[in-house]
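Student: To start, I am sharing the structure in question, which I have written as structure tokens.
All of the numbers you see were taken from the coordinates with simple rules; none came from a lab. The structure displayed is predicted, hence computed values, not measured ones. For neighbour counting, all protein chains shown are included, and Cβ atoms are generated from backbone atoms with ideal geometry for every residue, glycine included.
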Amino acid sequence: MRPWDSHLAIGLLLSLQLGCLILPYKPEEPLPRKDAIRTLDPSIETRSSLRSKLGPPNVIDLPSVAAWEWEGDRTDILWFAGWVYGGKGGRLQGAPKVFRVLARFEGDRVLSVERDVAASRMRNVPNDPDQVWGGWGGDAKRKRGSLLPPLETIPLERGCVFKNLQILKDGQIFGLDASGALWSGQAGRGGRLDRLLAPSGPAASSEAGGSSLAVDPGGRYIALASQGRLQIWDHLEKRLVLRMEGAGPGPDGSRMGVIRGVAFAPDGRWLAVLGDQASTLLEAGTWRPGTSLAWRGRASRLAFSPDGRRLVVQGERLRIFDVESGQLISDLSDSSEGELAMWGARLLVAGWNAQVVDLETGQELGRLRGTPSASTPAVRFTEEGTPWIYRRETLERWSLASLEQSFAQGQGTVDLKGSVDLAALQEVRMVPISPADLFSFYKVESRLISPDGRWLVDYWHPYLSILSTATMQPLGYVHVSGSRGVTLFGFSEGGRLFVATEGDLRFWDLGLAPPKIPSAAKR
């Protein structure tokens, strides 16, 4: 062994014994000063001057719009026995910093600039989440909003941790907890939730699968996939009408494997049951088997198309089946991960990249190359069929017709960096920086776009922050205490925001909101 090898080995051993690890990081480009960003004046800046001050755009680089983002002084990070501190850069230069700029151009002239600069006033990254807001030093023109008190709070029994919730338009609540128990109640009336079904017992296999709940459009039947098995509850007659073990054969004789998901067709005719080896369609009410769909490889999620004629199965690959015949319409490897959104005959899968698929033919109609964001974006179609993509850095509105036209003409993947403007990109907005972007100790775990398109919701423990899509300013935030924090959050069919914690279920009515982004808005 060479002498320096032994020294390196001893150093690593000592680092492990002391419980510390130093992760050095140096940005590829020198970071601009925060004062240079805050003093940008669109009336005197040009495209050339912005590039000179900020460097080449690293998020979007198009003739009419460009976007930059940098992270500085979040690293070097010193991790010691579970505590996180700002590294050398943070201590010497005062604080972790994040910079974000979005500019619009007409030729070389700057039309507008959106920017945000965030810097903590603390030398060390706080280990108490409540200190994050106290040390926040973002753009002075932007406030974080106020703490939003819930409209209603329903207490939960001890040990009730929801894995899935369905809240209907009339306020009826159905919830599946981690043990496999089914709960029901009514929002808007106070009180509590009642347990309809006790836990279904030990898992059907050592690999228990996921937790999934589906309610038929009429609200009578509730299907549960939990602990690797299927149960169907008749809420009208208050009885269990079907129980199926995933490890054995399905109702049509095929071997299902571990049951992982359920979904009702939009018209309520069929219940799709997802196993990791096959999927079976059951006729609602009689529960007689219909079409059986089989494949190789794991599957984790399924969904019906809006017209109920196609079934989308996502897992190691994304597959589209015809519901009546069971025929495999499409098998796509590039859409195995990401959020799903459907409108008419169009499917949008948004992960690192975004892909548009024709549900009728299964053919790919367009593809977008994503921004550098490491987190999964949120996607949603407007009522008019316009897709929105909400990433960490940007909120984007796209034209499906233009995107499909360019793809059909052989242009391939649409990239947000190029010498030609994208007709498909109708609007792009900069997302303000949050403390979750500033401190590496925190992370946005998930994000949502509200059903009416008015709100963007981010969850990073122990906060949910809510932004207006009209102004990109915060409406406010929700603080959740407890070690587990938020176990589940989303929107009810009636449009209310709900948050399930380890002790209660809370509701917020965001109906008194500013107008939606105009559909005719321009870049």
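Student: Which order do the peptides 147-154, 499-506 take when ranked by the mean count of other beta-carbon atoms within 10 Å per residue, highest first?
Tutor: The most tightly packed comes first, giving 499-506, 147-154.
Student: May I ask for the percentage of alpha-carbon pairs in region 321-372 that lie more than 13 Å from each other?
Tutor: Values: 784 of 1326 pairs.
Looking at region 321-372, the distances longer than 13 Å represent 59 percent of pairs.
Student: Let me ask something else about it. Quick one: net charge of Phe507's neighbours, Cβ under 10 Å, K/R +1, D/E -1? Could you put the intermediate results ahead of the total?
Tutor: Working: positive: Arg496, Arg506; negative: Glu152, Asp509.
With Lys, Arg at +1 and Asp, Glu at -1, the net is 0.
Student: Please compute the modelled spin-label separation between Glu493 and Leu340, points set 7 Å along Cα→Cβ, answer in nm with one decimal.
Tutor: About 1.9 nm, to one decimal.
Student: Pop the C-beta distance of Arg192 and Ala294 into the FRET formula with R0 = 41 Å and round what comes out to the nearest 0.05. Show your work: numbers first, answer last.
Tutor: On the way: r = 43 Å, r/R0 = 1.05.
Rounded to the nearest 0.05, the efficiency is 0.45.
Student: Using the beta-carbon distance between Arg269 and Arg243 and R0 = 25 Å, what value does 1/(1 + (r/R0)^6) give for FRET efficiency, to the nearest 0.05?
Tutor: Details: r = 22 Å, r/R0 = 0.86.
That gives a FRET efficiency of 0.70.
Student: Net charge within 14 Å of Ala345 by Cβ-Cβ distance, Lys/Arg positive one each and Asp/Glu negative one each, not counting Ala345 itself? Numbers along the way, then the final one.
Tutor: On the way: positive: Arg309, Arg310, Arg346; negative: Asp307, Asp322, Asp358, Glu360, Glu364, Glu404.
Within the 14 Å Cβ shell, the charges total -3.
Student: Would you mind computing, in nm to one decimal, how far apart the modelled labels at Leu236 and Thr39 are, each placed 7 Å from Cα along Cα→Cβ?
Tutor: 7.3
Student: Multiplying the sequence separation of Asp452 and Gln405 by 0.36 nm and subtracting their Cα-Cα distance, what value in nm do you get?
Tutor: Details: separation 47, 0.36 × 47 = 16.92 nm, distance 2.77 nm.
So the extension gain works out to 14.1 nm.
Student: Between beta-carbons, use under 12 Å as the cut-off and find the net charge around Ser212, counting Lys and Arg +1, Asp and Glu -1. Before the final figure, lay out the partial values.
Tutor: On the way: positive: Lys163, Arg229, Arg260, Arg301; negative: none.
Summing Lys/Arg as +1 and Asp/Glu as -1 gives +4.
Student: OK, next. For the ranges 469-475, 41-47, 347-353, what's the packing order if you count other beta-carbon atoms within 10 Å of each residue, average per peptide, and put the highest first? Write down the numbers at each step before the final one.
Tutor: Details: 469-475: 17.1, 41-47: 12.3, 347-353: 21.9.
Ranked by mean Cβ neighbours within 10 Å, highest first: 347-353, 469-475, 41-47.
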